[in-house]
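Notes follow the structure.
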Amino acid sequence: MSIFSKIAAGEIPSYKCAENDEFYAFLDINPMVKGHTLCIPRREVDYIFDLEDDEIARFQVFAKKVAVAIKKVLPCVKVGQAVLGLEVPHAHIHLIPMQSEKDMLFSNPKLKLEPEEMQGIADKIYAEFKKL
Ligand code: 5GP
């Protein structure tokens, strides 16, 4: 079971931002910016482009809703989307509220936020997601 499967199953704690039967979203533990969120399918697949056609379509719609919720909570120019998957072998979409192109540089130093602040951000995103 991947670390992200354990997170989606609630076996490892996470700052939950959104969920449905098929997908789960939570804050990246080493955020590039406040609100940096990861979306995953509950089904464990390493490479995102190995997802079935209809599954990846639903995954993108889920990520879109999470991005809409993020933008309501964290004022930003746009929410950027990226897929790397070089570290964790479980498909995931990074959603990153951007002020500028520089916010998408994965070589940037990561933020260290207090647990209370992470929880507050996640709770706000979750509340907005539930309204959609
Ligand atoms: P990638 O696989 O796309 O290169 O990067 C994986 C991302 O997952 C990184 O941004 C990293 O900070 C994040 N990450 C790795 N392990 C955990 C974890 O246990 N919890 C959370 N919330 N994020 C993680």
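Can you work out the PRE-style zone for E52? Point 7 Å along Cα to Cβ, and I want the residues of the range 1-43 with backbone N under 11 Å. Of the residues in the range 1-43, none has backbone N under 11 Å from the label point off E52.
In the distance distribution for the chain, Cα-Cα pairs more than 21 Å apart total 35 percent.
Hey, can you rank 31-38, 85-92 by average C-beta count inside 10 Å, highest first?
Numbers: 31-38: 22.4, 85-92: 16.6.
Result, highest mean first: 31-38, 85-92.
Note on V61 and L105: their simple-model spin labels are 3.8 nm apart, each label 7 Å out from Cα toward Cβ. Annotation note: chymotrypsin sites (Phe, Trp or Tyr not before Pro) in the range 1-62 located in DSSP loop regions with a Cβ neighbour count of at most 11 within 10 Å are Y47. Dividing the summed helix terms, -39500 (n - 2.57) for each DSSP H run of n ≥ 4, by the number of residues in the chain produces a 222 nm estimate of -11000 deg cm²/dmol to the nearest 500.
With respect to the chain, whose longest principal axis is taken over its alpha-carbon atoms, helix 53-73 is tilted by about 20°. The accessible area of K71, taken with all protein chains in place and a 1.4 Å probe, comes to roughly 100 Å². What the pair-distance distribution of the range 26-67 shows, using all Cα-Cα distances binned every 10 Å from zero, is 26, 48, 25, 1 percent.
Seen against the Cα atoms of the chain and their longest principal axis, helix 115-131 is set at about 70 degrees. Bridgeable lysines around K131 (alpha carbons under 18 Å apart, same-chain partners fewer than 8 residues away excluded): K16, K64, K65, K71, K72.
The values are calculated or read from the model by the stated rules, or taken from the named source; none is laboratory data. Only a predicted model underlies this, so the values are computations on that prediction, with no experimental measurement involved. Neighbour counts run over all protein chains shown; Cβ positions are idealised from the backbone, glycine included. Keep in mind that these areas ignore ligands, DNA and RNA; they rest on the heavy atoms of the full protein, side chains included. Shrake-Rupley method; radii C 1.70, N 1.55, O 1.52, S 1.80 Å.
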